[in-house]
1. In percent, how large is the relative contact order of region 10-75, given Cα pairs closer than 8 Å and 6 or more residues apart?
2. Let me have the 222 nm mean residue ellipticity of the chain computed from DSSP H runs of 4+ only, each contributing -39500 (n - 2.57), with the sum over all residues rounded to the nearest 500.
3. Going Cα to Cα from LYS420, which lysines come in below 21 Å? Please leave out same-chain ones fewer than 8 positions away.
4. Just want to confirm a number: the relative contact order over region 288-462, from Cα pairs under 8 angstrom separated by 6+ residues, in percent.
5. So what's the net charge close to ASP246: Lys and Arg +1, Asp and Glu -1, counting the other residues with Cβ under 14 Å from its Cβ?
6. Which cross-chain or sequence-distant (5 or more) residues have an amide H under 5 Å from the amide H of LEU423, H modelled 1.01 Å from N in plane?
7. Using mean Cβ contacts within 10 Å as the protection proxy, how do 292-305, 72-85 order, highest first?
8. With a ≥ b ≥ c taken as the square roots of the eigenvalues of the C-alpha gyration tensor of region 184-223, please select rounded if a/c is under 1.5 and otherwise prolate if a/b is larger than b/c or oblate if it is not?
Amino acid sequence: MEQGARQPPHVVIFPFPALGHVHPMLNLAELLSLSSNIHVTFINALSIHNRLLRCTDLQSRFGRFPGFRFKTINLGLGDGLPHSSDDIMAVLKSLRTTAKPLLKELFLLDNCELGTTDKIIGQVPPVTCLISDGILIIALEVAEECGIPTFHFRTSSASSFWAYYCIPQLIHAGELPFSGNDLDTPIANVKGMESFLRRRDLPSFCRVDNLGEGAFQCVMSVTLSTLRTKGLIFNTFEGLEGPILDQIRVDIPNLYTIGPLHAHLKNKLASESKGKSISSNGLWEEDRSCLKWLDEQPSRSVLYVSFGSVITLTKHELTEFWHGLVNSGQQFLWVIRHDVIKDKDDVLEVELKEGRKENGYIVSWAPQEEVLAHPSIGGFLTHSGWNSTLESLYEAVPMICWPQLADQQVNSRFVGEVWKLGLDLKDTCGRVIIEKMVSELMEARRNEFLQRANEMTKLARASVSEGGSSTRNLDRLIQDIYSI
Ligand code: UDP
C-alpha cells in the first residue's frame with residue numbers, strides 16, 4: 001500500500017455458529033464485497049465451515065473477492081450442530097474462551113501480512129469495525145476493550161427482538177414467567193402488539209416448565225447490549241415490520257433494515273451481471289431430484305414441508321405429520337433431515353425415508369430457495385424460522401406454521417394474525433388438525449391467502465429493488481462504515 005493512500009475499510013463479520021445465522025451473514029458479507037471494496041474477514045466455527053466446504057462452492061462464491069477471507073474457530077464440541085438450548089449455551093460458553101484470542105489478534109494487529117491460506121495475497125488493512133451477531137456478547141466485549149466500533153446484526157425478526165427487549169416490562173408487570181396453562185391469555189406489555197399477542201406467542205423459554213436458570217437475565221443482558229453499539233442491522237424490510245421497527249427506534253435510533261438478504265443479493269448479482277447467485281447454502285448436500293419431481297406436478301399443487309436446520313421431532317410427531325399429510329390427499333415435498341429425530345435410539349419408519357411415497361416425495365435436504373420459487377409449490381408447512389419465513393413470503397407462498405423455539409412463536413403469530421399469510425398450528429400436532437389445515441391452506445382459503453401473499457411479495461421486491469428501502473439502507477451502512 002502506498003504511503004498516504006487511504007486504505008479501504010476492513011470489516012470483521014462474526015455470526016453465531018448455526019445455519020440460520022451464518023446464512024444471512026454470509027449474504028451480507030457477499031453484498032459488502034460486491035458493492036464496495038471493503039475487506040471482509042468472516043469468522044466461522046470450524047465445524048460449520050467444514051460442512052459448508054463439503055456442501056457449498058465457497059471458493060467460486062468468495063474466491064473472486066481479493067479482500068475476502070475466512071477465519072475459523074475450533075469450538076472443541078465435535079461436529080454436531082446445536083439442537084437445544086443446552087447446546088446453544090455450550091456453544092456460547094466455548095466461544096467465551098475460543099473466540100477471544102482470535103478477535104484480539106485481529107483487532108490489535110495493524111496491516112497484518114497474510115499467507116495464501118487466508119485467501120488474501122498481500123496486506124489487510126487494520127480492522128475498521130465489527131459486525132457481530134447480536135447474541136455474541138463476547139465479541140462486543142473484546143471489541144470494546146480494543147476500541148473497535150461494533151454494529152449488531154440480529155438474524156431473527158425485528159418483532160421477536162422487540163418482544164425480547166420488552167422482557168423487563170413483562171416481568172415488572174407480572175406477565176412473566178407463566179405456566180403452560182391459559183396460554184391464550186393476552187400479553188399487554190409489548191408495545192405495538194397489545195391487540196394480538198398471547199402467552200403462547202412468546203418464545204417457549206418464557207414458560208415455567210422450560211425456564212432455565214438465569215434465562216431471563218441472560219436474554220435481557222444480550223438484548224440490552226445492543227444499546228452499546230453503533231447500530232442494529234435486521235434482515236427484514238420496512239413494509240413488513242414498519243410499526244414494530246418504529247417502536248425499536250425510540251430506544252435504538254440507528255437501524256439498518258436490509259432484507260430479505262437472499263433476494264437483495266440475487267438482485268445485486270443480476271444488476272451487476274456478476275454471475276448467478278449461488279443458492280446452495282446448506283450444511284447438508286442438497287437432493288436436487290425433488291426439482292425434477294416438482295416439474296411434473298401441476299401449478300401451485302404441492303405443499304413444501306420443512307422444519308429448518310435445528311429443531312428435532314419425536315417419532316410420534318413425525319408420524320402424526322405423515323398421516324395428516326397423506327390423509328389430506330395433497331401432494332407434498334417433505335425435508336426429513338437425517339438428524340431430525342429427537343430420541344437418538346428411535347429409528348425412522350420406512351415411509352419417512354427418502355424417495356417417492358403415497359402422495360409425497362421425501363428428501364433429506366432441499367435447495368429451499370429454488371423449491372419455494374418453483375411454480376408447483378402452493379404452500380409451505382414450516383417451523384417459522386426467520387429465513388424460511390422471508391424466503392416463503394418473497395415467493396408468495398402461503399404458510400402453515402408449526403413453531404418450536406426462539407423467535408419462531410412470534411413469527412408464526414405475525415404470519416397468521418398480522419400479515420394474514422397463512423395458518424398458525426402452534427402447540428398442537430395431531431393428524432386430524434394437520435389434515436384440516438392443509439386442506440384449508442391449499443383449497444378452501446387458497447385464494448384469500450394467495451392474494452395477501454402476492455401483496456406482500458410486491459412490497460418485498462420493491463424494498464430490494466433500485467431505490468427501495470433495503471437498498472438505500474445497505475448503501476447507508478456502507479457509507480457509515482467508510483466514515484468510521
Ligand atoms: N434450508 C435449505 N434446505 C432445506 C431446509 C432448509 O436450504 O432442506 C435452508 C433455508 O432455505 C433457510 C435455512 O435453511 O435459509 C433455515 O433457516 P431458518 O431461519 O428458516 O431456520 P433454522 O434452521 O435457523 O431453524
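Where a number appears in this text, it was derived from the coordinates with a stated rule and is not lab data. Only a predicted model underlies this, so the values are computations on that prediction, with no experimental measurement involved. Methodologically, a virtual Cβ is constructed for each residue, glycine included, from the backbone with ideal geometry; neighbour enumeration extends over all protein chains shown.
1. Details: 81 pairs, mean separation 24.8, N = 66.
With pairs under 8 Å counted, the relative contact order is 38 percent.
2. Working: 18 runs with 197 residues, N = 484.
Using -39500 (n - 2.57) per qualifying helix, the result is -12500 deg cm²/dmol.
3. Filter leaves LYS191, LYS436, LYS458.
4. Details: 316 pairs, mean separation 43.9, N = 175.
It rounds to 25 percent for region 288-462.
5. Values: positive: LYS191, ARG249; negative: GLU238, GLU241, ASP251.
Net charge in that neighbourhood comes out at -1.
6. Residues meeting the criterion, in which the H sits 1.01 Å from N, are MET399, ILE400, CYS401.
7. Details: 292-305: 16.8, 72-85: 15.1.
By packing density, highest mean first, the sequence is 292-305, 72-85.
8. Working: a/c = 3.43, a/b = 1.53, b/c = 2.25.
Oblate, since a/c reaches 1.5 and b/c is not below a/b.
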